[in-house]
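Q: Below is one structure. I have some questions about it.
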Amino acid sequence: MAIEWSGLGPHLYQAVADEEIDLAFLGTDTPLPEGVVDEVLPPLRRYTFMRQGHPALDRWDRQAWLDWPHVMVGMSSAARQTVEAAVKRDGLDRRIGAHIPEFSGIAPLLASSNMLMTTAAPFVGGDIATYGLVVRHPPVEVPDITFRFFWSARLAADPGSKWVRDLVIDAYRWMCEATDVSGRVV
């Protein structure tokens with residue numbers, strides 16, 4: 001057995017249907033192709049993360065959230081467009097300061113800059129403590145985000161595939177519980 005991480009994007013749907021990828025994880029924004037089954041996960045609340053001592057902390061409000069550049073991770077359009085839709089709905093203009101391909105780059109970038117990131121806590125994970133990030137409720141109304149794992153229907157009953165799926169999905173659930181930041185938010 002081997003694990004290989006693939007880049008995020010819409011190509012994953014067909015790759016899963018064609019059994020080129022055993023298990024994928026994206027937002028629920030795109031309909032699944034025929035022959036693919038999924039497990040929709042509970043919605044995750046978004047928080048804004050920044051470094052300790054960030055100038056926005058002196059006056060954490062809507063204008064502070066808008067004044068500082070944001071990090072955007074390349075992923076499914078659900079995550080990106082729902083925040084952008086909320087900003088546009090309110091007639092606001094958010095500045096994107098960095099586009100990065102993976103979540104692993106968020107915390108080091110935030111810790112060494114004045115950028116902000118509005119995302120769900122599991123995607124920052126243990127890096128919150130490692131990099132001493134501060135967590136705040138976004139001062140704009142942004143919707144929760146819902147993700148799903150999905151796989152080929154032909155592999156649904158395969159014992160090895162089910163074992164890997166269960167292992168990964170259980171680890172994801174544990175990570176969500178372990179990164180509950182509700183007690184740290186001011």
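Q: Once Rh is set to the Kirkwood radius over Cα pairs, what Stokes-Einstein translational diffusion coefficient, in µm²/s, holds for region 97-147 at a temperature of 25 °C and a viscosity of 0.890 mPa s?
A: 206 µm²/s
Q: What percent does the relative contact order of region 84-156 come to when contacts are Cα pairs within less than 8 Å and at least six residues apart?
A: RCO, region 84-156: 30 percent.
Q: Can you compute the modelled spin-label distance between Leu57 and Trp5, with each label point 7 Å from Cα toward Cβ, in nm?
A: According to this spin-label approximation, the distance is 2.8 nm.
Q: Please identify the chymotrypsin sites (Phe, Trp or Tyr not before Pro) of region 1-70 that satisfy two criteria: DSSP loop assignment and at most 12 other Cβ atoms within 10 Å. Which are they?
A: Trp5
Q: Next question. Quick one: putting +1 on the C-beta of Lys and Arg, -1 on the C-beta of Asp and Glu, what dipole do you get for the chain around its Cα centre, in Debye to the nearest 20?
A: Here the chain has a charge dipole of around 760 debye.
Q: Quick one: angle between helix 77-89 and the longest Cα principal axis of the chain, in degrees between 0 and 90, rounded to 10, please.
A: On a 0 to 90 degree scale, this one is about 30.
Q: Continuing with the same structure: Please give, to one decimal in nm, the separation of the simple spin-label points placed at Lys162 and Met175, each 7 Å out from Cα toward the Cβ.
A: For Lys162 paired with Met175, the spin-label model returns 2.4 nm.
Q: Is the shape of region 1-76 best called rounded, prolate or oblate, per the rule: a/c under 1.5 gives rounded, else a/b larger than b/c gives prolate, else oblate, with a ≥ b ≥ c the square roots of the Cα gyration tensor eigenvalues?
A: In terms of gyration-tensor shape, prolate.
Q: With the crude spin-label approximation of a point 7 Å out along Cα→Cβ, what separation in nm comes out for Ala153 versus Glu141?
A: Simple spin-label model gives 3.8 nm for this pair.
Q: Could I ask something else about it? Cα atoms only: what Rg and Dmax, in Å, come out for the chain?
A: 17.6, 55
Q: Please compute the contact order of the chain in relative form: average sequence separation of alpha-carbon pairs under 8 Å and at least six residues apart, divided by the residue count, as a percent.
A: Relative contact order, the chain: 35 percent.
Q: Rounded, prolate or oblate: which one fits region 46-136, using the alpha carbon gyration tensor with axes a ≥ b ≥ c (rounded when a/c is under 1.5, else prolate when a/b beats b/c, else oblate)?
A: Taking the square roots of the gyration eigenvalues as a ≥ b ≥ c, region 46-136 is oblate.
The numbers here are math on the coordinates, done by the rules we state, and not lab data. Only a predicted model underlies this, so the values are computations on that prediction, with no experimental measurement involved. We place every Cβ from the backbone using ideal geometry, glycine too, and count neighbours over all the protein chains shown.
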